[in-house]
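The values are calculated or read from the model by the stated rules, or taken from the named source; none is laboratory data. The model shown is predicted, which means the values in this text are computed figures rather than measured ones. Note that we place each Cβ from the backbone using ideal geometry, even for glycine, and neighbour counts take in every protein chain shown.
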Amino acid sequence: MADLLSDDEVSERLPDGWDREGEEIVRTFEFDDYLEGVAFASEVAEISEEEFHHPEIRIGYEEVEVRFTSHEAGGITDDDIHMAELTNDVR
């Protein structure tokens, strides 16, 4: 199991565009249309499956919200930061 990051570590390492909400990191990505967002969510899902670290994804009309946390550790870990970085690379 991955170790929890301290509040300072999370603040220092949070990738561009991501915010902390409690024990999760979250980012909302904006798109020109619904299907572009669905395609993005599908790519994030494929990476998540490969990395075996799955986000909560909410698909809206022109936006997709992605949230990461490490439930087994009870908060934010290196795995969450890594997945946020990979998700940014998709966009």
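Results, tabulated for the structure shown:
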read-out: Yes/no for residue 48 being polar (S, T, N, Q) and under 12 Å from the mean Cα position of the chain (by Cα); value: yes
read-out: Near pairs, Cβ below 6 angstrom, 6+ apart or cross-chain, from the stretch 11-36 (over 15 Å from residue 66 (Cβ atoms)) to any residue that is at pLDDT 95 or above and in a strand (DSSP E or B); value: 23/75
read-out: Residue among 74, 17, 22, 60 that is of a type outside the set (Phe, Trp, Tyr) and at pLDDT below 95; value: 74
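Listed here are the residues, each with its yes/no results for (1) surrounded by fewer than 18 Cβ atoms within 10 Å (Cβ to Cβ); (2) touching a residue at least 60 places away in the same chain (Cβ under 8 Å); (3) not hydroxyl-bearing (Ser, Thr, Tyr).
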| residue | (1), (2), (3) |
| --- | --- |
| 47 | yes, no, yes |
| 50 | yes, no, yes |
| 56 | yes, no, yes |
| 61 | yes, no, no |
| 71 | yes, no, yes |
| 74 | yes, yes, yes |
| 84 | no, yes, yes |
